[in-house]
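One structure is given here, and the rest of the page talks about it.
The values are calculated or read from the model by the stated rules, or taken from the named source; none is laboratory data. Predicted model, so just to flag it, every value in this text is computed and none were measured. Because the Cβ atoms are built from the backbone with ideal geometry, glycine has one as well, and the counts that use them run over all protein chains shown.
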Amino acid sequence: MFDRLKILYELQNLDDQLDELEELRGDLPNAVEALKEKIENYKKEISEKEKERKNSLEKRNDNEEEVEKLKENQKKFKAQLYQVRNNKEYDALTKEIDHTEEQIVKLEAESDFLADQSKKLADEIEEINPQHDTLKEELKAKEADLKEIIKANEKEEVKLRAKRKEIEALTKKADYSAYMRIRKAKKGKAVATIKRSACSGCHNIVPSQRQLEIRRNNKLFFCEYCGRILVSTEIADTVDV
């Protein structure tokens with residue numbers, strides 16, 4: 001049992017050191033991820049607006065071609081008016097001319113709307129691009145800062161993680177599950193010692209009888225206030241910090 005308790009304390013000690021290295025990075029990892037997400041959203045928005053603008057331009061070109069065809073047809077219909085032989089033919093031609101004119105007016109109105117929409121999209125893209133570029137520069141700077149911090153502690157972190165892996169392999173499955181559950185609930189600190197008759201995790205007094213039982217190092221004990229695993233100072237003294 002002594003070894004089980006020692007392993008848990010050593011695991012906590014290693015995690016404390018890894019947590020300290022993580023804290024050196026501060027909020028940089030989260031900031032980098034947040035910037036990446038924002039940049040991706042801007043990129044997507046710009047792409048969608050450019051696609052919409054392209055479709056608008058293509059539609060306007062199609063409309064212009066169609067208007068040209070309709071105007072040519074209209075000229076032919078008007079020329080044919082001088083060749084009609086009766087009122088029925090005249091009415092049919094004027095009807096075609098009026099219908100063609102309606103189509104031309106409708107297509108030109110649509111093209112005007114598409115031109116305004118295209119201009120609006122271009123302005124929006126123009127407004128987004130500088131923000132997108134600014135975020136990319138900010139991301140570049142933060143990634144450089146993060147890389148520098150990681151590089152400065154890389155060797156130590158690799159060494160600690162390798163050691164932690166060894167210790168984890170020695171930890172009983174039930175002990176490790178309890179350790180990780182408490183660690184998650186208590187923001188990293190799952191194992192505590194007794195200092196001045198109190199739990200070093202929550203600082204509540206541990207009853208004298210319980211302290212005696214903990215010093216026997218023959219059983220897992222949990223703080224009745226915070227739920228952390230309690231180990232004796234004898235256990236702590238056997239682990240190099």
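Worth a mention:
- Given (1) over 25 Å from the mean Cα position of the chain (by Cα); (2) at pLDDT below 95; (3) part of a helix (DSSP H, G or I), index of the condition residue 147 fails: (1)
- From 40, 96, residue being closer than 30 Å to residue 148 by Cβ, without any contact (Cβ under 8 Å) to a residue 40 or more places away in the chain, of a type in the set (Asp, Glu) and assigned by TED's automatic domain parsing to the domain that holds residue 153: 40
- Any chance residue 122 is farther than 30 Å from residue 27 by Cβ, among the small types (Gly, Ala, Ser), surrounded by fewer than 16 Cβ atoms within 10 Å (Cβ to Cβ) and assigned by TED's automatic domain parsing to the domain that holds residue 37: yes
- One residue stands out among those in region 175-194 that are in contact (Cβ under 8 Å) with a residue 12 or more places away in the chain and not in a helix (DSSP H, G or I): the one that is nearest to residue 7 (Cα to Cα), which is 191.
- Scanning region 186-241 for residues that are aliphatic (A, V, I, L, M), at pLDDT below 90 and surrounded by fewer than 15 Cβ atoms within 10 Å (Cβ to Cβ) yields 212, 241.
- Hits in region 18-56 (condition: touching a Leu at 6+ places or on another chain (Cβ under 8 Å), at pLDDT below 90 and assigned to a helix (DSSP H, G or I)): 21, 28, 29
- Of all residues in region 51-93, those satisfying the criterion of being farther than 29 Å from residue 122 by Cα, of a type in the set (S, T, N, Q) and in contact (Cβ under 8 Å) with a residue 12 or more places away in the chain are 73, 74, 80.
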